[in-house]
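Structure provided below as C-alpha cells; questions to follow.
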Amino acid sequence: MLFGQSVFQSVLERLKAEDETAEDAEAPAAHRVSGLGTGLAFDVMEGVSAASQRVGQAYFDNLDLDAAAGVVQKPAPPAEPVMPDHLVRTTPQEVAAELAISAADTPLTLREKRRAFARANHPDGVELPFRDNATKRMMLANLLIDDALRRLSR
C-alpha cells in the first residue's frame, strides 16, 4: 500500500498499470475486446446496424417460413380433448367407491386420500370443458372426507 492511499485505491492503480501494459502488448489488435478470444464482427451500414433498420423483420425471423413461398405454415388445429373416464363418474356413490373410506381410516389416511384424489381430479389439472365435472367430484370427495373426519373426532 502506498502512503496516504487506501487498499482499494492502491488495487485500482495496480489494475490500471496492468491494463496499460496489456494494451501496449496488444496494440496492433485494436479491433479485439479485452478478454475475448476472437474479434467481434457487426453488420453495420453507415454507422447503423442492419438489424435495427428492419425492426419488423425480427418477428418473421423466428417464424417457420416456407423459403420458396414466403408463407407461414399454419399449425394443425389442436385435437378435441377427450374426457378421462374417471371424470364421467360424478354421483356420490361412485366417488365414495373410489375413495373407499372405511372405519379403519385414520385422520392421516383420510388426508392422504384427499391429496391423492385431488392430484387426479383437481379442476386446475384438467381441460377447460371438463372442469365442471372435476369440480363436482372434488366437492363430493371433500364432503365425504370431512364427514368421515367429523365422525372420527366424536
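The values are calculated or read from the model by the stated rules, or taken from the named source; none is laboratory data. Since we're looking at a predicted model, the values are computed, not measured. Note: ideal-geometry Cβ built from the backbone for every residue, glycine included; neighbour counts use all protein chains shown.
Among the numbered conditions (1) in a helix (DSSP H, G or I); (2) surrounded by 10 or more Cβ atoms within 10 Å (Cβ to Cβ); (3) modelled with pLDDT under 95, tell me where Met83 comes up short.
In the conditions (1) in a helix (DSSP H, G or I); (2) surrounded by 10 or more Cβ atoms within 10 Å (Cβ to Cβ); (3) modelled with pLDDT under 95, Met83 misses (1) alone.
How do the helices (runs of 4 or more DSSP H) wholly within region 91-154 filter down when requiring 3 or more residues that are closer than 30 Å to Glu80 by Cβ and basic (Lys, Arg): which remain? Before you say what the answer is, go through the steps one by one.
On the way: elements: 92-99, 107-121, 131-153.
Because the criterion is at least 3 residues that are closer than 30 Å to Glu80 by Cβ and basic (Lys, Arg), the helices (runs of 4 or more DSSP H) in region 91-154 that meet it are 131-153.
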